[in-house]
Amino acid sequence: QENYSTILKYLQDDGFLVTVKEETDEKLSLYDGVTFKYDSIILFAPKAKSLGLGIPKEALDDFLMQGNSILLGMDPNYSDFMKKVALSFGVEVDRKRSYVIDHGSFHKDLDKGDHTTVISGGHSISSPLTGGAELSGISFRGVGAAL
């Protein structure tokens, strides 16, 4: 939770009810009887081998098919389980331990010389991802993904 405290605070400030659960929580459940407990799920657990004590990937599929939303956070060291979750949503993730590389649009101050801290421009980005600040670009360092 500490790694994501900034985005969680912005979501709360924007009026969202935020519930934080560990993927290893034995009481983790999507359902409250017969209905879903949540309207949206943010999965920032790239190394998870499962969710709770048996929330199958199919339950996430059902959650999404019922009109709810899921934001999936991955990193270059993702688990096979999370790759399967991404694939079930039509998201293809690049091979493990790989990074997006852009030799023309890398962040000159943040990049370590390998051109894996890329910067995009031409888009106006604002809250909650930026805390309300209007940006003309965003920096990214991570694994590539495609729909």
| query | So for the chain: antiparallel DSSP bridges make up what percent, rounded to the nearest 5? | reply | 75 percent
| J(HN,Hα) series, region 64-81, from Karplus relation 6.51 cos²θ - 1.76 cosθ + 1.60, nearest Hz, glycine and proline x | 5, 5, 7, x, 8, 10, 9, 10, 10, x, 10, 9, x, 10, 5, 8, 4, 4
| request: Hey, can you grab everything whose amide H is under 5 Å from the amide H of Leu28? Only 5+ residues off in sequence or another chain; H modelled, so Pro and N-termini drop out. | output: Leu53
| What length, rounded to one decimal in nm, is gained on full extension from Val34 through to Asp75, with 0.36 nm per residue of separation minus their alpha-carbon distance? | 11.4 nm
| note | Site Glu22, offset 7 angstrom along Cα→Cβ, radius 13 Å on amide nitrogen, limited to region 36-75, gives 52-53
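Using only the heavy atoms of the protein chains and a 1.4 Å probe, how would Met74, Met65, Met82 rank by accessible area, largest first? Kindly include the intermediate steps, with their values, before the conclusion.
Details: Met74 50, Met65 155, Met82 0 Å².
Ranked list, largest accessible area first: Met65, Met74, Met82.
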| query | Phe81 accessible area, nearest 10 Å², 1.4 Å probe? | reply | 40 Å²
| field | Accessible surface of the chain [probe 1.4 Å, protein heavy atoms]: carbon and sulfur percent | value | 52 percent
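Over 17 Å apart: what share of the alpha carbon pairs of the chain falls there, rounded to a whole percent?
Counting pairs separated by more than 17 Å, the tail of P(r) holds 68 percent.
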| note | By the Kirkwood definition, with r running over pairs of different Cα atoms, region 61-102 has a hydrodynamic radius in Å of 11.5 Å
| message | Using a probe radius of 1.4 Å on heavy atoms only, what accessible surface per residue do you get for the chain? Whole Å² is fine. | response | 67 Å²
| Förster radius 25 Å - calculated FRET efficiency between Thr6 and Asn68 (Cβ-Cβ, nearest 0.05) | 0.55
| At 222 nm, what helix-only mean residue ellipticity would the chain give, in deg cm²/dmol to the nearest 500, using -39500 (n - 2.57) for each DSSP H run of four or more? | -5000 deg cm²/dmol
| request: Could you pull out the longest piece of the chain with no exposed loop GluC sites (Glu not before Pro) in it, calling a site exposed if DSSP puts it outside H, G, I, E, B and it has at most 10 other Cβ atoms within 10 Å? | output: 27-133
| remark: The pairs in Lys9/Lys83; Lys27/Lys49; Lys37/Lys84; Lys27/Lys96; Lys83/Lys108; Lys21/Lys49 lying past 25 Å Cα-Cα in this model are Lys9/Lys83; Lys27/Lys96; Lys83/Lys108
| remark: Expressed in nanometres to one decimal, the distance between label points 7 Å along Cα→Cβ at Val91 and Asp111 is 2.5 nm
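The values are calculated or read from the model by the stated rules, or taken from the named source; none is laboratory data. Bear in mind that the values here come from a model prediction, so they are computed numbers and not experimental data. FYI the Cβ positions are ideal-geometry reconstructions off the backbone, even for glycines, and counts take in every protein chain you see. Note: accessible area is taken over every heavy atom of the protein model, side chains too, but ligands, DNA and RNA are not part of it. Shrake-Rupley method; radii C 1.70, N 1.55, O 1.52, S 1.80 Å.
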